[in-house]
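I am attaching a structure below and will ask some questions about it afterwards.
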Amino acid sequence: MIPTLQWTDAGVRFLDQTKLPLEETYVLAKDYREVAEVIRTMIVRGAPAIGVSGAMGVALGLLRSQAQDVEQLHHEMHLICETLAATRPTAVNLFWGIERVRHTVRTLSAQPGATVVRLQQAAVAEAQRLYDEDIAACRAMGAHGASLLPRSGSVLTHCNAGALATCGYGTALGVIRAAVERGHQLHVFADETRPYLQGARLTAWELLQDKIPTTVLCDNMAASQMRAGKIQAVIVGADRIAANGDVANKIGTYGVAILAKEHGIPFYVAAPWSTIDLATPTGEQIPIEERSSREVTHFHGRQITPDGAGIANPAFDVTPARYVTAIITERGVLRAPYGESMQSMRSASQSPSPATA
Ligand code: MRU
């Protein structure tokens, strides 16, 4: 399995995704500030991976703390959580992961006999639990979603919603993997995903590791491939899904969704329940990260736009729910109207998460 991130005794170890596909190198974050920097600089990226990294960052911060008592530890936890939460605004999983560990520590603190060491141990255990849960959720999404994909044909994906974006297996790519494991003959079109090239660099790299045939498309090529009948389904991940089913995902996803609808192609979203944000009513309220203009003005360190040109670099866009054929979660497959189906799936679940319950 691709080692996206890993808790170790020395700190949190990350596969450096900024160096892929040419170099497979690792970065060790030895304290929570370094974890925050790893998230901010996209050494780790992808909503579920960011969520677990945030949780591990809190655990690491508490573990390294010299706090003399529980009250002091809580004071430090506040600063640790604020620092990690300030890294990337769109993926709700980040706040969910941080909150899961904070909630565990607060709950245990209220019990008799709480000590700094016990709280530190509980934080680490909770972060590790999130890691295991994430892999299990990806496997479950694969099991729920595999039959939605064609028995044979091509599937288009945008950005990287794979093992690299999670703790393993992937969301959208997990569904593709599960379908292939069940005998579907699939070929994948990976949108290159300007400007950061997650599709060209990461999706192509990880699918080829699994020997799943993959063709990289520049983002402006999807329309003609769909018109030519070469794409039978689209499947993408998500950074945040609002209570009405609007989906925030990597910039360009909205355009792909419109194209899919125009060509009568199903458009699926695969995301864990931790990506569903029932506290945000519609996509309008989802904060969209604006990244450095340098990602657009420069390519491999070389300037490609004239000095003085205005530059926009929103990292995500919102696809309205009406374009989404189904949302695949670890709890099952959601269909429109999403407001209702999400509420009933939430009620049916035994253990709603603290951040989204
Ligand atoms: O900016 P990134 O690379 O973190 O964006 C990632 C995406 O948009 C993914 O599609 C999304 O996080 C889902 S990952 C399972």
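Throughout, read-outs are computed from the coordinates displayed, never taken from laboratory work. Quick caveat: nothing in here was measured; it's all calculated off a predicted structure. Note: ideal-geometry Cβ built from the backbone for every residue, glycine included; neighbour counts use all protein chains shown.
Hand me the tally of lysine pairs in the chain: alpha carbons under 23 angstrom apart, and the pair either on different chains or 8 or more positions apart.
7
Could you put ASP69, ASP277, ASP191, ASP246 in order, starting from the residue whose Cβ has the fewest other Cβ atoms within 10 Å?
Lowest count first: ASP69, ASP277, ASP246, ASP191.
Roughly what % antiparallel, to the nearest 5, for the DSSP beta bridges in the stretch 144-348?
If I count the DSSP bridges inside the stretch 144-348, around 40 percent turn out antiparallel.
Distance between the C-alpha centers of the stretch 40-119 and the stretch 233-293? Whole Å please.
Rounded to whole Å, the Cα centres lie 27 Å apart.
Out of all DSSP beta bridges with both ends in the chain, state the antiparallel percent to the nearest 5.
50 percent
Here's a follow-up. Order these by the 10 Å Cβ neighbour count, fewest first: TRP205, TRP7.
With the fewest neighbours first, TRP205, TRP7 line up as TRP7, TRP205.
Right, another one. Can you give the Kirkwood hydrodynamic radius for the chain, in Å, rounded to one decimal and based on Cα pairs?
For the chain, inverting the mean 1/r across all distinct Cα pairs yields 20.6 Å.
Moving on to the next point. What order, most packed first, do the peptides 303-311, 88-96, 139-147 have when packing is the mean number of other Cβ atoms within 10 Å of each residue?
88-96, 139-147, 303-311
Can you give the charge dipole size of the stretch 144-348 about its Cα centre, rounded to the nearest 20 debye, using +1 on the beta carbon of Lys and Arg and -1 on the beta carbon of Asp and Glu?
In debye, rounded to 20, the stretch 144-348 gives about 540.
Measuring from the lowest to the highest alpha carbon on each principal axis, how far does the stretch 193-352 reach, largest first, in angstroms?
For the stretch 193-352, the Cα spread along each principal axis is 54, 35, 32 Å.
Tell me the Kirkwood hydrodynamic radius of the stretch 133-281 in angstroms, computed as one over the mean inverse distance between distinct C-alpha pairs.
Values: mean 1/r = 0.0667 Å⁻¹.
One decimal place: 15.0 Å for the Kirkwood radius.
Still on this model: Just order 254-262, 53-61, 72-80 by mean Cβ neighbour count inside 10 Å, highest at the front, would you? If you can, show how the numbers build up before the last one.
Numbers: 254-262: 19.6, 53-61: 29.8, 72-80: 16.8.
Ranking, from highest mean packing down: 53-61, 254-262, 72-80.
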